[in-house]
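First the structure, in the form of structure tokens, and then the observations on it.
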Amino acid sequence: MRLKVKTMVTAGTLFLGLLITGCSQGVPPVGTNPTSTSPVASTPVATTQGSVVKSGATGELIVEGQKTQSHQANNVTIEATPQGSLATGGKDLVFDVVMDTHSVDLDKYDLVALAVLRDSQGREFKPVSWNAPKGGHHREGVLTFSADQPILQAGIKYVELSVGDIAGASHLLRWELRPAAS
């Protein structure tokens, strides 16, 4: 019941946000998935207002649009929010991830094996951990990426979280980034 109410509030917030702010430049319209080659219906949905995230001396990155991104395909919704600082120079990037469905057992999906983080420069990172308790149709946890080199570097225009084959569909969540004004 809590997730249904949250979903209804999220949908209302999304509609109001789109109505007030208009379409973001460079972001495909809601209901499209330009990178999908699958005939499966999928709907990216932005859900929470973005923000400037302080980074100290290494440089700030601003998430343009919504900080929490959501994607729905084959009756499975995946929602992800980057935790903490989106600073250039950091070697870790952590996401709060929520998976929700009413038709699939989500406990069998390991995001360490299924997720990839890509940036606008073509670099890819695999997660090092997926800490999420079992939950059946509703699963929430923390997905952590860590690398020997900084994940977010100056000049990065976006990062994408790709989650493959959950209930026969792939999910793509994308955050547009820009440097904060000095």
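Nothing in this text is a laboratory measurement; each read-out follows from the coordinates by a stated rule. As the structure is a prediction and not an experimental result, all values here were calculated from the model. With ideal geometry, Cβ positions are generated from the backbone for all residues, glycine too; neighbour counts draw on all protein chains shown.
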Neighbourhood charge, 14 Å Cβ-Cβ cut-off, centred on Gly136 and excluding it, Lys, Arg +1 and Asp, Glu -1: -1
Local net charge near Leu172, Cβ-Cβ under 14 Å (Lys/Arg +1, Asp/Glu -1): -4
Fully extended contour minus Cα-Cα distance, from Ala154 to Glu124, at 0.36 nm per residue: 9.2 nm
The range 57-127 shape via C-alpha gyration tensor axes, a/c threshold 1.5: prolate
Extension gain (nm, one decimal) between Lys108 and Ala147, 0.36 nm per residue minus Cα-Cα: 11.4 nm
Distance between modelled label sites at His137 and Lys91, nm, 7 Å Cα→Cβ extension: 4.3 nm
